[in-house]
1. Given the pairs 91/201; 21/239; 23/198, which are separated by over 27 angstrom at their Cα positions?
2. Could you calculate the contour length gain from residue 21 to residue 169, that is, 0.36 nm times the residue separation minus the distance between their Cα atoms, to one decimal place in nm?
3. Note down the accessible area of residue 45, probe 1.4 Å, to the nearest 10 Å².
4. Find the centroid of the Cα atoms in the range 162-190 and in the range 206-244, then give the distance between the two in whole Å.
5. Along Cα→Cβ, 7 Å out, is where each label goes; now give me the distance between the ones at residue 220 and residue 40 in nm to one decimal.
6. Going by accessible area, probe 1.4 Å, with all protein chains left in place, what is the ranking of 209, 2, 220, 241, largest first?
7. Starting from the Cα gyration tensor of the range 135-176, take the square roots of the eigenvalues, sort them a ≥ b ≥ c, and report rounded, prolate or oblate (rounded when a/c is under 1.5, otherwise prolate if a/b is larger than b/c, else oblate).
8. Ordering 186, 134 by how much accessible area each has at a 1.4 Å probe, largest first, what is the list?
Amino acid sequence: MIHNIVKGIQAYFGAFSLISKLKLWKYFIIPMIISFLTAFFVGFMAYTFSDNIGHYIANFWKWEFGKQTFEVISTFLSGLIIVVVGLVLYKHIVMALSAPFMSPVSEKIEDHLRGENHKHRITSFQEQLIRGIRINLRNLTRELLLTIPILLLGFIPIIGLISTVLLFLMQAYYAGFGNMDYTLERHFKYRESISFVKENKGLAIGNGIVFMLFLLIPIIGVILVLPLSVTAATTETIKRIQLKELPE
C-alpha cells in the first residue's frame, strides 16, 4: 500500500513536462474553467451561509453567559462543515463534467506511451459524460456517508486528530479514483473499473493526496490540479493495465 501511494505521488514529477511535450494544454481549457467556477461557487456558499447557520445554531444556547462565544464557535464549525462538504461536491462535479474532455487527453497520453496499435474500447462524448456522472455519483454518495461520521469523531479529544487524517485520506482516495477512471473507461466496464481501483487503492490515494494539496494553493491550485492529476494518474494506470494484460 505505502509503495503504491509513493508511486502515485511520484507520477506528478513528470506530468508538467509530458503535457508540454504532447501539446495538451489546449485540451484543458474548458476543464480549467469548470474547476475555477466550481471552486468559486463552493467558496461563495461557505462564506455566505456559515454566518447564517452559525447564528441559527447559536439560538439553541438559551443562556446569556457564553452566548457570543458559542455563536463564534458554531459559525466556525458551520463554515468548516460547509467547506468539507463543498470540497467533496467540488471534486465530483468537476470530474463528472470534465470526463468528455479528460478521456481524449488520457487516450493521447496512452498512445504516446504504448503506441497507437494497442486495443481499447471506443466511446463517444455522450458515453464518456454519462460514465463520468455515474462513477462520480457513486463515489459522492459513499464519500458523503463516510464524511458525516468522521466529522462527528472530530469532536472527540485525541480521536479528533485521527479523524482529520482519515478524512483527508478518504477524500484523496476518491479524487484519485476519479482521475484513474478517465483511463479505465476505455478498458473496463463500470464494475470492472471499480474492482481495478480497489486493487490499486494506494495508487488512487497517492494521486489524490497531491490533488488535495493542490486545492490549498489559492487560484493556481484549482486551475492546474486537473491537468497535472489526470496526467499523473494516466501514466501510472496504464502501467497497471499493462501488468494486468501480461499472461500469467
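The values are calculated or read from the model by the stated rules, or taken from the named source; none is laboratory data. What you see is a predicted model, and the numbers here were worked out from it, not measured in a lab. So basically every Cβ, Gly included, is an ideal-geometry build from the backbone, and we count neighbours across all protein chains shown. Side chains are part of the model used for accessible areas, which takes the heavy atoms of the whole protein and leaves out ligands, DNA and RNA. Shrake-Rupley method; radii C 1.70, N 1.55, O 1.52, S 1.80 Å.
1. Where the Cα-Cα span goes over 27 Å, the pairs concerned are 23/198.
2. 50.1 nm
3. Only protein atoms counted, so the area is about 60 Å².
4. If you average the Cα positions of each part, the centres end up 10 Å apart.
5. Placing both labels 7 Å along Cα→Cβ, they lie 2.0 nm apart.
6. Working: 209 30, 2 125, 220 95, 241 0 Å².
Putting 209, 2, 220, 241 in descending order of accessible area: 2, 220, 209, 241.
7. Judged from the Cα gyration tensor, the range 135-176 comes out oblate (a/c at least 1.5, b/c at or above a/b).
8. The ordering from most to least exposed comes out as 134, 186.
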